[in-house]
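Below is one structure, written out as structure tokens; comments come after it.
The values are calculated or read from the model by the stated rules, or taken from the named source; none is laboratory data. Source: prediction; values computed, not measured. Cβ coordinates were reconstructed from backbone atoms using ideal geometry, including for glycine residues, and neighbour counts include every protein chain displayed.
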């Protein structure tokens, strides 16, 4: 068991600067966090009702009323607190901290004396605790509470929230486990496992690591817990509309260690794989590591969209099967790409290879960032690669698709998940081991690991250069060589250096004394094709520049985007972004062709002719910021 | 009001010969009718349970038990009897007639003394008659009873079944209508209207015409009957899984005469439009005729697949919106294309133009015939234009799609609907007015209208010639000039004649004395393109030869059918059909190209190369007769 694993830096030790990422972090800090607080307090007109804070007030006995919302509504507050914690860690703010302290005090007031917290069960089913593990989300909410508490402790050093989490975790550990008299269950929605691992990292108490490991090992064992649970008299259906669920939905069809392809609800899946990777790395569990390898390979080489989106079908928000990646009816939940980032970061820890950070970057710069509008107050839950707003209201095939971002959702998991992830950017950008510092994402700013320090100047993912000033003595600087934007030149203190890539990193070991490393990335726009098995994209390409996937929008190119054809080899030129998009962004322009259809019936023998046109492409993550319109990523190439 | 409307010939006056249609009619007669009788009696192992006959026996008090099946299960027997009637009309068969008489006797025994018949309500909800018109299907089943009874009367001259129908219709007329004290309702699933019109044609009793007209006129009037019905204490939900339904589902959102585009459940829609066309023609109702024009135009120029399939989405089996015609997730119920044939035949009556018969032909030769296997014992309910069996079990997007025809269905409307339609081919093939005889479908055989007689020799839709021997004195012979296979030469008694087409017909008026008319059709294979608004087919073509749409299948061309590209202008050659297909059929061969993908990841910058291949195409209606495999109609063209 190696303990020289790549671990994130402390968030407080990473500073993010520069126009692009500063904009997003400031937007989360100044707009999204206050907006989401207002939503949780039901103060935003026309947004879906949350009732989250009121649920806590009712559970705490401070208000009369009924529970409202999803049974996992509590997690919206926890994820909001995690965003706040990340914000406070780098940008202290006494007012915000006081607001968070108040919310934490409320959570504590809603906690039962034995440590249990869940407003749905406390208000609505006080006798129903743990009677419906597959649907009840108690352990899921507990996991988000623990993650938020760990983050808040890291940010503020305060113990109140962590104490609440510890008390809940201890209670859970008393209820569940292999020991006689304890429940042999596990969550229907995985999340507690990776949270318990985090709690172990903070507290170093072995019981949390063991409990996380127990939940993974117990899953799917015969006799099947969920089958038995459903037959008990106290069992109450919560989501009749999605039952009966087969066991693949919750990845409880076979034991996790034996799983080798991704099935079921995609968020559940990648949250579980994340915990599996945590445990495999921490425990040096080779069998579990092998399962992680197989699952990662299946997800990223057979079931992942070019945008890093996963879970292609609406019903069940599920993985389907290899190469089933439809563009228009795609589901592609924002949370699932957050989860893919989480899993990929842990695979980077487990295996030490840069390719996992490539996937993290793909999901982040395309689907996760697509989840939020440039205004910061609208969100996508579903992320198709092609959409025609005229059809959406009329066909149930597209009923899950929204042509523009929404103010909030009845099931509001995505906005807060996105916010906590973007606010935690620093946790994804770098990594450390005892002898190495890893640059996994290129963001302008600074990072410190003890005495080791890097300053990064870059406008990546738009610019093609990064300049690093590095100091702190002898260590290995490991620069990810992005698959999507390969390093094409490397200079150390102005001297050209050889680009030697191993396991996805260019490794430079020296005694760093303020040395300068200058990198240039290959940012030439390129057409990217799918494997032949993705039949709906045969003959089509998506245009990428660096890690960014581009799309065409109706606002730039007119309607009937399906009529465009690219000609192989035609130049694709970076241009200023159209009005209303991010000023820092790079748009693209290329000559192309459009089918012109003569008048005629629905079916005709006259072949449409191809007319030359100029096509404007914009980064996919920025689509639908200029009103409702057609959008499309994959375009035929002749 | 013109009374010189094109009406079908009597079925007994049409003889169908020749290898193609004889095969299908004999198959229905010798295999399908006995098979469906066994199904109705639950004698086919592994087929979905029917219980239809047992329901009648229970309702008749001859058996103990519970009702089983859909609330419209009775209609399966009625449609079976309609097939039997059509068969008996041209092929008397004492044993089959005795079997039918027995079934009719059973129906009579299940009839209440007031004329009401419906085994679902009689057994299950005896106090619930007419309490749920929108879901209960009592009037729908009554309509199929009446249609079958009219057909049986035409075939056998016997009155027993017609008496049962008349008694039920009289009872319905006593219950529903504009008069005070009568219910102001109308059916949730239209069908009774066109059946009442048929009953009027048989009996010439005005009350049935008036009642049909009432049901159409009353529909959607304020206050909305279904809204009021739902609020009554006696209302019981039958299909909770598809409610709440908006009023477009049952075309009761606005009065039928004001409707100008097709919405909602596609079978309901075209059945209603059929009755509207009947009534518009019979009553000379110009307003209703205008609505029919608009609806026909919308369906056929905006919402119809190239195969004559309609109703593109599974949820609600509905029309969606203009140009929303996805290939792979298509629903395209076989019954809906039967209904489109019905509507088109009536539009031909209403407007006297050949184009309506073009649509009839398109639906018949492609989707309706696709509904049955070459063995005659398997059926398609859903008819996609593209399918990949490997994906079907794994994605809910395709859960309605079957890669091979099925033995039977829980909802078994399609097999018996297809059977009665094909057995009634003679009713679609010709038309008559006082001064004209119309040839609407070219089928080998004979037709008589009084003293007027035609003998047709042709192997259409595969062959390119038809020879007609015509006698019976002076009348106008109106030969449809098929849009899909235009007449390119015309000879009368060996002398070339000018091809003058008016309203879709080549009209030849003369004193017919055994004269010979020789026609050649343009059967050159052709690439057919969609209007630009059908975005998913931009740059693609379907290959047609005459009225037949062709497809490629994996069994002939290997997997990954999405990888094929046609080159514009490459010759498409008729060939012998592959083994296992219909010997009479014509298959096609063309040079084409296939994308070859180098090894590489899911996403790669290397463009796939195009390799020349030879592609085999087979008629779409014959697909999936050689096992489960990929199939695709639209193919990219460069």
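Checked against (1) in contact with a helix residue (DSSP H, G or I) (Cβ under 6 Å, 6 or more places away or on another chain); (2) surrounded by 18 or more Cβ atoms within 10 Å (Cβ to Cβ); (3) not assigned by TED's automatic domain parsing to the domain that holds residue B:118, residue B:21 passes all but condition (1). Looking at residue A:67, is it under 19 Å from the mean Cα position of the chain (by Cα) and at negative phi? No: the conditions fail for residue A:67. Counted as qualifying within segment A:535-620 are the strands (runs of 3 or more DSSP E) with 3 or more residues that are surrounded by fewer than 20 Cβ atoms within 10 Å (Cβ to Cβ), namely A:572-575, A:587-596, A:609-619.
When the residues of segment A:612-638 are filtered to those that are away from every other protein chain (no Cβ under 12 Å) and over 26 Å from the mean Cα position of the chain (by Cα), the one that is farthest from residue B:568 (Cα to Cα) is A:616. Limited to segment B:310-327, what total is found for residues that are within 8 Å of chain A (Cβ to nearest Cβ) and touching a strand residue (DSSP E or B) at 6+ places or on another chain (Cβ under 7 Å)? Total satisfying the criteria: 3.
Among the residues that make up segment A:571-590, is at least one of them closer than 25 Å to residue B:598 by Cβ and either within 14 Å of another protein chain (Cβ to nearest Cβ) or in contact with a helix residue (DSSP H, G or I) (Cβ under 9 Å, 6 or more places away or on another chain) (or both)? Explain how you work it out, then say what you get.
Pass one, segment A:571-590, residues closer than 25 Å to residue B:598 by Cβ: A:571-572, A:590.
When the remaining residues are screened for being either within 14 Å of another protein chain (Cβ to nearest Cβ) or in contact with a helix residue (DSSP H, G or I) (Cβ under 9 Å, 6 or more places away or on another chain) (or both), the result is A:572.
So far as segment A:571-590 goes, yes, one or more of its residues are closer than 25 Å to residue B:598 by Cβ and either within 14 Å of another protein chain (Cβ to nearest Cβ) or in contact with a helix residue (DSSP H, G or I) (Cβ under 9 Å, 6 or more places away or on another chain) (or both).
Identify the residue in segment A:431-446 that is in contact with a strand residue (DSSP E or B) (Cβ under 7 Å, 6 or more places away or on another chain) and surrounded by fewer than 24 Cβ atoms within 10 Å (Cβ to Cβ) and, among all such residues, is nearest to residue A:20 (Cα to Cα).
So the residue we want is A:444.
Are any residues in segment A:385-397 in contact with a strand residue (DSSP E or B) (Cβ under 8 Å, 6 or more places away or on another chain) and crowded, with 20+ Cβ neighbours inside 10 Å, and if so, which ones?
Filtering segment A:385-397 for residues in contact with a strand residue (DSSP E or B) (Cβ under 8 Å, 6 or more places away or on another chain) gives A:385-387, A:395-397.
A:385, A:386, A:387, A:395, A:397 - these are the residues of segment A:385-397 that are in contact with a strand residue (DSSP E or B) (Cβ under 8 Å, 6 or more places away or on another chain) and crowded, with 20+ Cβ neighbours inside 10 Å.
Kindly indicate the residue of segment A:331-355 that is within 14 Å of chain B (Cβ to nearest Cβ) and buried (at least 24 other Cβ atoms within 10 Å of the Cβ) and also farthest from residue A:547 (Cα to Cα) among those meeting that condition. By that ranking, first place goes to A:331.
Inside segment A:621-638, residues that are assigned to a loop (DSSP other than H, G, I, E, B) and touching a strand residue (DSSP E or B) at 6+ places or on another chain (Cβ under 8 Å) make up a count of 8. One residue stands out among those in segment B:110-161 that are surrounded by fewer than 19 Cβ atoms within 10 Å (Cβ to Cβ) and out of contact with any helix residue (DSSP H, G or I) (no Cβ under 8 Å at 6 or more places or on another chain): the one that is farthest from residue B:33 (Cα to Cα), which is B:127. Considering A:564, A:550, the condition of being within 25 Å of residue A:334 (Cβ to Cβ) and either within 13 Å of chain B (Cβ to nearest Cβ) or touching a residue at least 24 places away in the same chain (Cβ under 8 Å) (or both) is satisfied by A:550 alone.
For the structure I just gave you, tell me whether residue B:624 is surrounded by 14 or more Cβ atoms within 10 Å (Cβ to Cβ), at positive phi and assigned by TED's automatic domain parsing to the domain that holds residue B:541.
Numbers: surrounded by 14 or more Cβ atoms within 10 Å (Cβ to Cβ): yes; at positive phi: yes; assigned by TED's automatic domain parsing to the domain that holds residue B:541: yes.
Against the criterion (surrounded by 14 or more Cβ atoms within 10 Å (Cβ to Cβ), at positive phi and assigned by TED's automatic domain parsing to the domain that holds residue B:541), residue B:624 qualifies.
Residue A:390 - would you say it is within 13 Å of chain B (Cβ to nearest Cβ) and closer than 22 Å to residue A:631 by Cα?
Yes; evaluated as a whole, the condition is true for this residue.
Of all the residues in segment A:289-300, those that are free of Cβ contacts under 8 Å to residues at least 40 places away in the same chain and surrounded by fewer than 19 Cβ atoms within 10 Å (Cβ to Cβ) number 4.
Kindly provide the set of residues from segment B:573-616 that are at positive phi and either out of contact with any strand residue (DSSP E or B) (no Cβ under 9 Å at 6 or more places or on another chain) or in contact (Cβ under 8 Å) with a residue 40 or more places away in the chain (or both), ordered by number.
If the condition is that a residue be at positive phi and either out of contact with any strand residue (DSSP E or B) (no Cβ under 9 Å at 6 or more places or on another chain) or in contact (Cβ under 8 Å) with a residue 40 or more places away in the chain (or both), then B:580 is the only one that fits.
For segment A:281-288, the criterion of being more than 13 Å from chain B (Cβ to nearest Cβ), part of a helix (DSSP H, G or I), touching a residue at least 40 places away in the same chain (Cβ under 8 Å) and within 30 Å of residue A:541 (Cα to Cα) is met by none of the residues.
In this structure, does residue A:105 turn out to be assigned to a helix (DSSP H, G or I), surrounded by fewer than 24 Cβ atoms within 10 Å (Cβ to Cβ) and touching a residue at least 12 places away in the same chain (Cβ under 8 Å)? Talk me through it step by step, then tell me what you get.
Details: assigned to a helix (DSSP H, G or I): yes; surrounded by fewer than 24 Cβ atoms within 10 Å (Cβ to Cβ): yes; touching a residue at least 12 places away in the same chain (Cβ under 8 Å): yes.
Taking the combined requirement at face value, the residue satisfies it.
Only one of the numbered conditions (1) away from chain B (no Cβ under 14 Å); (2) on the phi < 0 side of the Ramachandran plot; (3) touching a helix residue (DSSP H, G or I) at 6+ places or on another chain (Cβ under 9 Å) is violated by residue A:254, and that is (3).
Okay, residues lined up against (1) under 18 Å from the mean Cα position of the chain (by Cα); (2) closer than 20 Å to residue A:315 by Cβ; (3) part of a helix (DSSP H, G or I):
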residue	(1), (2), (3)
B:296	yes, no, yes
B:299	yes, no, yes
B:307	yes, no, no
B:320	no, yes, no
B:326	no, yes, no
B:330	yes, yes, no
B:335	yes, no, yes
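Each row is one residue, and each column tells you yes or no for (1) under 18 Å from residue B:103 (Cα atoms); (2) in the same structural domain as residue B:451 (by TED's automatic domain parsing); (3) surrounded by fewer than 20 Cβ atoms within 10 Å (Cβ to Cβ); (4) at pLDDT 95 or above.
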site	(1), (2), (3), (4)
B:10	no, no, yes, yes
B:15	no, no, yes, yes
B:28	no, no, no, yes
B:40	yes, no, no, yes
B:54	yes, no, no, yes
B:57	yes, no, yes, yes
B:75	yes, no, no, yes
B:78	yes, no, no, yes
B:81	yes, no, no, yes
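Scanning segment A:289-306 for residues that are within 10 Å of another protein chain (Cβ to nearest Cβ) and touching a helix residue (DSSP H, G or I) at 6+ places or on another chain (Cβ under 6 Å) returns a single hit, A:300. Residue check, residue B:470 against (1) under 23 Å from residue A:602 (Cβ atoms); (2) touching a residue at least 40 places away in the same chain (Cβ under 8 Å); (3) in contact with a strand residue (DSSP E or B) (Cβ under 6 Å, 6 or more places away or on another chain), all met but one. Which one? So the condition that residue B:470 fails would be (1).
Within the bounds of segment A:405-427, is there any residue that is within 18 Å of residue A:305 (Cα to Cα), buried (at least 24 other Cβ atoms within 10 Å of the Cβ) and not assigned by TED's automatic domain parsing to the domain that holds residue A:516? Break it down stepwise before answering.
Step one: filter segment A:405-427 for residues within 18 Å of residue A:305 (Cα to Cα), giving none.
The answer is no, given that none of the residues of segment A:405-427 is within 18 Å of residue A:305 (Cα to Cα), buried (at least 24 other Cβ atoms within 10 Å of the Cβ) and not assigned by TED's automatic domain parsing to the domain that holds residue A:516.
Taking strands (runs of 3 or more DSSP E) as the structural unit, those lying wholly within segment A:458-531 and holding at least 1 residues that are more than 14 Å from every other protein chain (Cβ to nearest Cβ) and modelled with pLDDT of 95 or more correspond to A:465-480, A:487-492, A:505-521.
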